[in-house]
């Protein structure tokens, strides 16, 4: 009986010492060097960074567009241009994260061979669904020149979605400028249209 | 010498029989006080700061990349002694302002290392906020072991807020937060 009692006491004492050990073991802290703290709370630092950026791309299965002037069929008519190859619509895709309340815009310009007497126009639609955030406002139809023209304005933090049918639809047309009709020459000018996303402010 | 041994032996037997004859059993009280214990600490594997980044997409038109999981290298250690049929949990609270347009999530691993007892269970990914959210549940009487590689390893990630019109609120920013963990009763 005594042996049993002693054994029980021994087990209980062992049990208590385990608990005491557990308390000591649990007393860690953030850096392992500071004195132990008996506290059910602890905290650590965490930093989150978001960088600003802007990216632009064009989508369209055939981005080499060609327009041909069909000779006037009836004497007295002006020359008319029709698209002979390339996608009839291209799509302007972009992604942006803004800095504070600043916004971005997209500009376009045309470079390449002289095309006097001809207007190269692009119609820029409003942004399609499929993106999110503060997408910009399409300019509608504008005449492209060798200097930058705003084609989308007021772009905040957003994305349009990548690919065709996403972002702003671009449709091109070429027409004779009636005020400078006399400058039109029989030629085959080759042009490059460049879109740039840039700070608006 | 033999005589001395004989006397010693006699005295021992005499005393033993006297004691045995005086009382057949005896007892005394033994009180044990097991206090409740609730201790929690965070142990970092290294001293470098924990940084989460939102990065630009690969292609124009795509959304910002945020969902890369980041193992923090920070371990939750705790010791707990509970009353019978009681449980505890670990909650987390953000001190500071999470950048708008995104959600900050944390996941505690299942307990690893030298722990013993009724260790807690991970609640997987949970969204953090400026109020307490449960991260580990079902903690009974246990200890995780002390230091890195013991207890629950924390992982973090940021995700875009799914609610409409939140994307426009994402702005260039550098945000420093404190994440506060508490071992508390789960009643």
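All of the numbers you see were taken from the coordinates with simple rules; none came from a lab. Since this is a predicted model, take the numbers as computed values, not measurements. Backbone-built Cβ (ideal geometry, glycine too); neighbour counts: all protein chains shown.
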*Principal-axis tilt of helix B:2-22 within chain B, Cα atoms, nearest 10 degrees*: 70
*asked:* Quick check: Cα centre of the stretch A:65-104 to Cα centre of the stretch A:135-199, how many Å?
replied: 7
*Between residue B:71 and residue B:30, with labels modelled 7 Å along Cα→Cβ, what's the label distance in nm to one decimal, could you check?*
4.5
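Going by how many other Cβ atoms sit within 10 Å of their own, how do A:198, A:147 line up, fewest first? Kindly include the intermediate steps, with their values, before the conclusion.
Values: A:198 13, A:147 8.
With the sparsest Cβ surroundings first, the list reads A:147, A:198.
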*Once all Cα-Cα distances of chain B are split into 10 Å bins that start at 0, what whole-number percent is in each one?*
8, 26, 22, 13, 7, 7, 6, 5, 3, 2, 0
